[in-house]
């Protein structure tokens, strides 16, 4: 058959040499100033079409032929009896390309919304306790240095709230170990829990509360996040690769800031919030306090947030909690 013009590279030097590419029987033949190269068809690799990029015919030892005339090369391949792969043929059909793109998007979405949550539910309990404790401690230290300030509540008031919360929680369901901390911040009424069980209550939330039962209800809610490992599951889901690398390389400090932002923003999913609310409701009901204290506290926090306007700080206590009104209604239905 008629040959086609190509450029030959021996794979050892950058020297470009003119060549003629032919298909003779079951062999691919390259002829030029370098002599003649022969190889069986099955022993050469022909690159796929990539836009206007030259096509490559590669020999097993690294030598290659580069063909710039794409249309002529396509005809040469057809005459020589080479068939393009099904993938290449499908790529040329926009309907298949669009379908593949849509399928890829759907697959990624399915992994993110269902696969990753399922994976994190399995992984979170397997994170060593020492790692969780170290990460949480570094996170609290980071927040104390960058965001939070010491509590303005008196030592007696902090002790009183801690003792009261302990009585409520001990009367309720079995709880994970926890430590109550008090801090002040310009973020407004808020509270968050770290995976280790360290629960931080802002002075502004204490001041907003109508009574100590409302503060205890918030503590019980935050312990629900700890009990179900919501913080760790959320962190894993948002940064699976960096988390795994950080844990196994011992570089937990690099993600302390990320966990700090996650804790303060409290951007838990709707399911996570429902689980934590249900946990708090069981605790408060078992302690004989009912669910109204937590419902009332959520209502106060929502009103405080609304008073600042929806364009207010992204750190407001309920700015990112889903469907607060729905949560309040659900809690009140449990009492």
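Odds and ends about this structure:
- If the segment from residue 17 to residue 104 were pulled out straight at 0.36 nm per residue, it would be longer than the present Cα-Cα gap by 27.1 nm.
- Taking 0.36 nm per residue of sequence separation and removing the Cα-Cα distance, the residue 24/residue 113 pair yields an extension gain of 26.6 nm.
- Length added when fully stretched, residue 152-residue 269, from 0.36 nm per residue minus Cα-Cα: 38.9 nm
- 13 Å cut-off, amide nitrogen to a point 7 angstrom out along residue 184 Cα→Cβ, residues in segment 212-233: none
Readers should treat all values here as calculations from the given coordinates under stated rules, not as data from a laboratory. Note that the structure is a prediction, hence the values are computed from the model and not measured. Glycine gets a Cβ as well: all are built from the backbone with ideal geometry, and neighbour counts include every protein chain shown.
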